[in-house]
1. Please report, in whole Å³, the volume per residue of the convex hull around the C-alpha atoms of the stretch 172-248.
2. Tell me the Rg and the Dmax, in Å, that the Cα atoms of the stretch 232-314 produce.
3. So how strong a dipole does the chain carry about its Cα centre when Lys and Arg Cβ are +1 and Asp and Glu Cβ are -1, to the nearest 20 debye?
4. Suppose a student asked you for the relative contact order of the chain, using Cα pairs under 8 Å spaced at least 6 residues apart; what percent would you report?
5. Taking just the alpha carbons, could you work out the radius of gyration and Dmax for the stretch 1-114, both in angstroms?
6. Can you run the Rg to Rh ratio on the chain? Use alpha carbon positions and the Kirkwood inverse-distance Rh.
7. In debye to the nearest 20, how big a dipole does the stretch 52-164 give about its Cα centre with +1 on each Lys and Arg Cβ and -1 on each Asp and Glu Cβ?
8. Whole number please: convex hull volume per residue of the Cα set in the stretch 43-164, in Å³?
Amino acid sequence: MELQEKRILIVGGYGLVGSHIARLIREKYNAIELILAGRNPKNGEGLAKELNHAETAHLDLNEGFNLSDYGKIDLIITAMEDHRNILRETAILNGIANITVSEVADEISPTAFLGLHKSISAPIVFAGHWQGGILTLITKQLANKFSHITRIETAGLYDERDPIGPLVANEVNAFIGQALLREAGKWQLVDSKENAREIYLYDQTPATGYPMGTLDVPSIAAFTSAANVRFDFVKGKSIGSSQGLEASHDLYIDIEGVLLSGQPKKLRSIVSGPKGNSHLTAVGVFLITEAIFGLNGQPDPQQGGLYLPETIVSTDNIISRLRAFGITIIEDAG
């Protein structure tokens with residue numbers, strides 16, 4: 001693949017999440033050209049200079065989106081909210097790959113319908129999963145330990161010391177209301193505040209979790225057939241903060257079922273991203289980007305179609321890959 005010809009438009013490219021995505025791409029792939037787009041491109045000039053082979057561009061989705069303003073684009077990464085779905089629809093109609101990271105389950109239906117009516121010639125990835133799919137990718141590898149799974153309860157912990165905190169708080173306030181979850185084999189849309197659960201953190205401190213309708217829930221239910229699946233948002237002190245370090249972003253994965261050995265098991269795994277929420281999300285997007293272009297030893301670029309993180313990124317050794325990014329994963333935390 002001729003990487004020097006590849007151009008990636010990162011919308012929100014100099015924000016907290018977008019800047020992490022840009023740095024991860026540049027750290028490994030010097031030849032890819034990066035366009036960092038947003039409403040105030042001057043704010044991204046320092047980052048563009050740091051990255052080399054990068055530029056900033058003005059883009060305000062409230063004013064629309066004219067693809068021709070940005071030249072040839074091979075991938076659009078939507079690292080901010082796009083409630084009108086402008087970027088993804090433009091990508092589909094112009095044969096451009098796209099990754100979208102901020103949406104819940106009921107927001108993807110317009111694209112699903114568009115995909116049934118239009119020919120999709122490039123990968124379109126629904127990555128509105130928690131942390132760009134990191135939670136679901138790890139869960140998929142862990143699920144391979146089981147012959148049968150009855151329950152999977154997951155959670156993401158928000159530490160108020162995390163630099164991205166206000167953005168997460170605003171996003172969650174918008175998402176918490178009604179949440180999609182699976183209970184006793186039935187899909188339910190429930191009131192989040194009336195369906196809280198108590199979650200014990202790494203140090204056995206109790207915390208209250210409120211369900212959210214992230215894409216992790218239908219994804220995990222699909223590949224495990226578990227009758228009970230939910231994702232909860234929790235506020236508390238992260239592992240990083242408790243150690244006197246920067247706030248980490250922590251994920252909790254509790255799987256209940258029968259192991260391949262036939263032994264009943266409740267498996268708790270904890271994932272801790274020491275660089276916080278935005279970096280963990282960026283790692284998820286970076287892995288998807290590699291998969292789209294067929295990088296990192298993958299034989300070919302992905303064909304056109306609708307994808308999820310777990311259908312485009314191999315999960316065979318995902319835990320080992322994530323540890324290479326400095327992410328801590330405790331596979332059996334007790």
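1. It comes to 110 Å³ per residue, whole-number rounded.
2. Taking only Cα atoms of the stretch 232-314, I get Rg and Dmax of 17.1, 46 Å.
3. Details: 29 positive and 39 negative charges, 97 e Å.
Using only the charged Cβ atoms, the result is roughly 460 debye.
4. Numbers: 718 pairs, mean separation 62.2, N = 334.
Result for the chain is 19 percent.
5. Cα radius of gyration and Dmax of the stretch 1-114 are 13.7, 41 Å respectively.
6. Numbers: Rg = 19.3 Å, Rh = 20.3 Å.
On the Cα set of the chain, Rg over Rh gives 0.96.
7. Numbers: 8 positive and 15 negative charges, 138 e Å.
Roughly 660 debye for the stretch 52-164.
8. Working: hull volume 23.4 nm³, N = 122.
Residue-normalised Cα hull volume stands at 192 Å³.
All of the numbers you see were taken from the coordinates with simple rules; none came from a lab. Treat the numbers as computed from the prediction; the structure is a model and nothing was measured. FYI the Cβ positions are ideal-geometry reconstructions off the backbone, even for glycines, and counts take in every protein chain you see.
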